[in-house]
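Please read the structure below before turning to the comments.
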Amino acid sequence: MANSHFLSFKTVKPNLDKGRGARSNETGRYEPNQRERFNDGWDSLSDDNKKGRQTTVTIERPKTIINKVTSPYVGFERSINPYRGCEHGCIYCFARPSHAYHGLSPGLDFETRLFAKPDAPALLERELCAPKYKVRAISIGTNMDAYQPIEREMKIVRGVFKVVSDFNHPVSVLTKSNLILRDLDVLAPMGQKGVARCMISITTQDRGLARAMEPRCPTPEKRFDAIEGLAKAGIKTGIMLGPMIPGLNDSELESIMARAAELGATYSAYTILRLPQEVSPLFQEWLETFAPNRARRIMQHIRTLNNGKDYDPAWSRATESRTPLAKLIEQRYRLSQKQTGIISREDHKPLRCDLFRVPTRIQGQGDLFVEET
């Protein structure tokens with residue numbers, strides 16, 4: 001367990017919303033008028049500060065649910081996002097800028113004004129039944145955490161897993177939540193057949209740092225419990241280390257890997273912090289609040305990794321590490337893999353696509369097998 005050195009850091013700017021990651025709520029970049037919530041010194045925000053900003057959920061009714069992914073920086077072709085926005089409130093979340101497309105702030109709005117798609121299971125079933133459907137593994141939890149707190153009541157993701165289970169459709173999920181253990185009754189049989197695998201994301205073992213960076217995520221201990229529970233259920237389970245933030249949590253890389261391996265993780269991946277668009281000022285504001293004595297050095301490291309910029313995917317997400325710092329982190333990661341026996345996510349055996357079938361209850365006749373093309 002890492003030492004709780006983070007707890008000694010002092011808050012230099014009061015948080016206007018307790019239990020949230022972002023410190024502000026600036027208007028999205030597409031809005032004609034800019035506005036920002038601030039403390040005017042007359043205690044007009046005192047009531048809000050006591051109770052905190054409440055989470056609201058808006059129901060969406062999309063026509064389709066499977067997204068086709070063309071980005072060269074990710075290792076999957078299809079994804080499902082049952083929610084938009086994420087109540088976990090991770091300050092570093094790269095998905096925050098997406099809220100600006102809907103006239104909302106990537107700051108506090110992203111973690112308090114959420115959108116849910118309760119029709120996701122029905123839409124998925126319809127799309128999987130299409131005569132021309134071609135089987136490809138579907139990734140869940142890539143642009144938000146599917147197991148964020150509202151899933152406990154809405155159970156949209158559970159419904160999605162029931163559908164893919166009925167069809168024997170390959171699926172992978174990435175989450176920071178031990179809530180995934182609720183669905184072992186569905187996931188375990190899929191994992192044993194080779195059509196499901198899971199990754200648990202752990203950024204730090206320091207509970208104080210985790211609480212500040214990821215305010216509504218389950219504790220690191222509960223996430224390690226999730227790794228153990230999934231592995232014991234026969235599901236191929238991985239560890240996602242990330243984001244690694246040079247000068248803040250990167251020193252924990254080896255210890256997180258070692259503990260995950262002890263609990264049953266067999267594959268891994270890591271990411272280094274990336275700060276696209278509004279994420280950069282939000283993260284810097286957070287740094288100045290929680291780690292003022294490290295803020296300048298951490299941002300220097302980030303800019304070194306991005307060719308002098310806050311974010312440059314051509315550098316920070318290049319196929320090969322392009323800077324000494326990036327190479328050092330990669331070398332440490334590779335060495336840790338050798339020491340623990342954990343393989344890379346890319347080297348993991350692919351999920352099976354040959355078991356896919358439209359279930360009898362839908363066809364009204366014998367199961368029809370669909371070959372992957």
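Name, by its number, the condition in (1) outside any helix (DSSP H, G or I); (2) more than 30 Å from residue 304 (Cβ to Cβ) that does not hold for residue 221.
(1)
To keep it simple, each residue is scored yes or no on (1) of a type outside the set (A, V, I, L, M, F, W, C); (2) out of contact with any Phe, Trp or Tyr (no Cβ under 6 Å at 6 or more places or on another chain); (3) crowded, with 20+ Cβ neighbours inside 10 Å.
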residue	(1), (2), (3)
119	yes, yes, no
126	yes, yes, no
129	no, yes, no
136	yes, yes, no
145	yes, yes, yes
153	yes, yes, no
157	no, yes, yes
160	no, yes, yes
171	no, yes, yes
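Filter the range 71-124 down to the residues that are free of Cβ contacts under 8 Å to residues at least 60 places away in the same chain and closer than 23 Å to residue 272 by Cα and list them by number.
Of everything in the range 71-124, those that are free of Cβ contacts under 8 Å to residues at least 60 places away in the same chain and closer than 23 Å to residue 272 by Cα turn out to be 71, 72, 85, 95, 98.
For residue 247, indicate whether it is farther than 20 Å from residue 111 by Cα, out of contact with any Phe, Trp or Tyr (no Cβ under 9 Å at 6 or more places or on another chain) and not aliphatic (A, V, I, L, M). Steps first, please.
Working: farther than 20 Å from residue 111 by Cα: yes; out of contact with any Phe, Trp or Tyr (no Cβ under 9 Å at 6 or more places or on another chain): yes; not aliphatic (A, V, I, L, M): yes.
So residue 247 fits the description; yes.
Going through the range 70-94 one residue at a time, which ones are surrounded by fewer than 16 Cβ atoms within 10 Å (Cβ to Cβ), among the β-branched types (Val, Ile, Thr) and either under 16 Å from the mean Cα position of the chain (by Cα) or closer than 22 Å to residue 156 by Cα (or both)?
74
Restricting attention to the range 95-113, and to residues there that are among the hydrophobic types (A, V, I, L, M, F, W, C) and assigned to a helix (DSSP H, G or I), which single residue is surrounded by the most Cβ atoms within 10 Å (Cβ to Cβ)?
Among residues in the range 95-113 that are among the hydrophobic types (A, V, I, L, M, F, W, C) and assigned to a helix (DSSP H, G or I), the one surrounded by the most Cβ atoms within 10 Å (Cβ to Cβ) is 110.
Pick out the one residue from 222, 232 that is of a type in the set (Lys, Arg) and in contact (Cβ under 8 Å) with a residue 40 or more places away in the chain.
After ruling out the rest, the residue left standing is 222.
Please indicate, with yes or no, whether at least one residue in the range 350-363 is of a type outside the set (Ser, Thr, Tyr), modelled with pLDDT of 90 or more and in a helix (DSSP H, G or I).
Within the range 350-363, not a single residue is of a type outside the set (Ser, Thr, Tyr), modelled with pLDDT of 90 or more and in a helix (DSSP H, G or I).
Just checking, how many residues over the range 314-340 are within 24 Å of the chain's Cα centre (by Cα), surrounded by 15 or more Cβ atoms within 10 Å (Cβ to Cβ) and free of Cβ contacts under 8 Å to residues at least 40 places away in the same chain?
Qualifying residue count for the region: 2.
Restricting to the range 268-322, count the residues that are over 24 Å from residue 200 (Cα atoms) and at pLDDT 90 or above.
34
Would you call residue 182 among the basic types (Lys, Arg), farther than 18 Å from residue 123 by Cα, without any contact (Cβ under 8 Å) to a residue 60 or more places away in the chain and surrounded by fewer than 24 Cβ atoms within 10 Å (Cβ to Cβ)?
yes
The values are calculated or read from the model by the stated rules, or taken from the named source; none is laboratory data. Predicted model, so just to flag it, every value in this text is computed and none were measured. Methodologically, a virtual Cβ is constructed for each residue, glycine included, from the backbone with ideal geometry; neighbour enumeration extends over all protein chains shown.
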